[in-house]
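Step one of this worksheet: look at the structure below.
Taken together, the values in this text are just the output of simple stated rules run on the coordinates, not laboratory data. Because the structure is a prediction, the values reported are computed rather than measured. Positions of Cβ are backbone-derived with ideal geometry, glycine not excepted, and every protein chain shown enters the neighbour counts.
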């Protein structure tokens, strides 16, 4: 039987900043970055167009700083700059293995990256380049989850792939609760009503309003990004009724 082709033609991959830190818990682990770049290149080789949004929690967490007394808007701007640092690091890892990559940022800094321009992002994707979208939405009080949802709508992504530390969405924290149950499938309303930690409420509502599915899966298992793109039933899918 012939291999099944990819289920999606254009994806947005949402990565947490913590994912880049690996076991260190802080900063960027070069081995993790290299492995991630290889996985993205394998998906690209399937003919899939790939955009990426990365958080900045491995470098700076705006919410945590704000809770310690820092001005929230200022703290969020520092967090946005952290996402751009991660974006540039991922770009370097991808280009070292021959993958054409562009970083676009919501905060203008022409010396290191292009400004985010939707039509330019689309042209890059059509030419087979990976587009890394840094700087969140460019506005304080919005998370990188919301940025991922917004950018996914703008570029016409067919799905958001949210890579996490666990293998899906659970009824409670599986690390703390041995009776936690993993959901193979959820609706957007399930997520909102139960307060499940998929994406924040703004991001989830945006996906619900535009009927954009979210697949939550474990990043640390080698090859999982490709498996999701090929339609294997891993993780948890969040979609409409």
Order of 48, 181, 169 under a 10 Å beta carbon neighbour criterion, fewest first: 181, 48, 169
Max mean-square fluctuation residue, GNM over the chain, Cα-Cα springs under 10 Å, options 217, 142, 60: 142
Rounded, prolate or oblate (a/c below 1.5 giving rounded, otherwise prolate when a/b exceeds b/c) for the stretch 1-142 by Cα gyration tensor: prolate
The stretch 83-223: C-alpha gyration tensor shape, a/c 1.5 cut-off, then a/b vs b/c: prolate
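Under 10 °C and 1.306 mPa s, how fast does the chain diffuse according to Stokes-Einstein, given a Kirkwood radius computed over C-alpha pairs? Answer in µm²/s, whole number.
D = 88 µm²/s.
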Per-q log10 I(q)/I(0), the stretch 114-175, q = 0.18, 0.21, 0.26 Å⁻¹ (Debye; single scatterer per alpha-carbon; no solvent): -0.76, -0.93, -1.19
Within the stretch 64-97: backbone nitrogen closer than 20 Å to the residue 34 label point (7 Å, Cα to C-beta): 86-97
Length gained when the stretch residue 154-residue 141 is fully extended (0.36 nm per residue, less Cα-Cα span): 2.7 nm
The chain: most fluctuating residue of 16, 67, 149 per GNM, C-alpha cutoff 10 Å: 67
Segment residue 233-residue 126, length gained on full extension (0.36 nm per residue, minus Cα span): 35.8 nm
Rounded to 5, the percent of DSSP beta bridges in the chain classed as antiparallel: 15
Cα-projected label distance for residue 189 with residue 112, points at 7 Å along beta-carbon direction, nm: 4.4
